[in-house]
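Chemist: What follows is a single structure, and I will ask about it in a moment.
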Amino acid sequence: MSTEQHHVSWESVKNKIMHKWKKFEDSDIESMKEDLGMLSEKLQSLYSYPKSKADQEMKEFRTTLEEKPKHH
């Protein structure tokens, strides 16, 4: 999944990842730039999450990328 599909800047995605998961280093995130689907594998590796939990975390994270900003 590319970030273009969501019309979200890579910097925004990167910042959200770093904010949500503190163990990610810049190089970890950059390695996912072309394929955000790798997030599940990275979560399993860095956080020792079982695949099901990592997949759920990735799914929830993708949902946050699709949300439109709320205007008051």
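Chemist: Select from the stretch 16-27 the residues that are part of a helix (DSSP H, G or I) and over 11 Å from the mean Cα position of the chain (by Cα) and list them in ascending order.
Modeler: Within the stretch 16-27, D26, S27 meet the criteria.
Chemist: Report, by residue number, each residue of the stretch 39-72 that is assigned to a helix (DSSP H, G or I), of a type in the set (S, T, N, Q) and either at pLDDT 95 or above or farther than 16 Å from M18 by Cβ (or both). Lay out the reasoning, then the answer.
Modeler: Initially, the stretch 39-72 is screened for residues assigned to a helix (DSSP H, G or I), giving 39-47, 51-66.
Narrowing the set further to residues that are of a type in the set (S, T, N, Q) leaves 40, 44-45, 52, 56, 63-64.
Within the stretch 39-72, S40, Q44, S45, S52, Q56, T63 qualify.
Chemist: Can you tell me which residues in the stretch 23-42 are in contact with a helix residue (DSSP H, G or I) (Cβ under 8 Å, 6 or more places away or on another chain) and among the polar types (S, T, N, Q)?
Modeler: S31, S40
Chemist: Look through the stretch 28-67, keep the residues that are of a type in the set (F, W, Y) and surrounded by 16 or more Cβ atoms within 10 Å (Cβ to Cβ), and return whichever of them is farthest from S12 (Cα to Cα).
Modeler: Our first condition is that a residue be of a type in the set (F, W, Y); within the stretch 28-67, this holds for 47, 49, 61.
From the residues that got through so far, the ones that are surrounded by 16 or more Cβ atoms within 10 Å (Cβ to Cβ) too are 49, 61.
Numbers: Y49: 24, F61: 12 Å.
My answer is Y49.
Chemist: What pairs can you find where one residue is in the stretch 19-40 and touching a residue at least 24 places away in the same chain (Cβ under 8 Å) and of a type in the set (G, A, S), the other is in a loop (DSSP other than H, G, I, E, B) and surrounded by 12 or more Cβ atoms within 10 Å (Cβ to Cβ), and their Cβ atoms are less than 9 Å apart, with a gap of 6+ or different chains?
Modeler: G37/M1
The values are calculated or read from the model by the stated rules, or taken from the named source; none is laboratory data. Since the model is a prediction, treat every value here as computed from it, not as a measurement. Neighbour counts run over all protein chains shown; Cβ positions are idealised from the backbone, glycine included.
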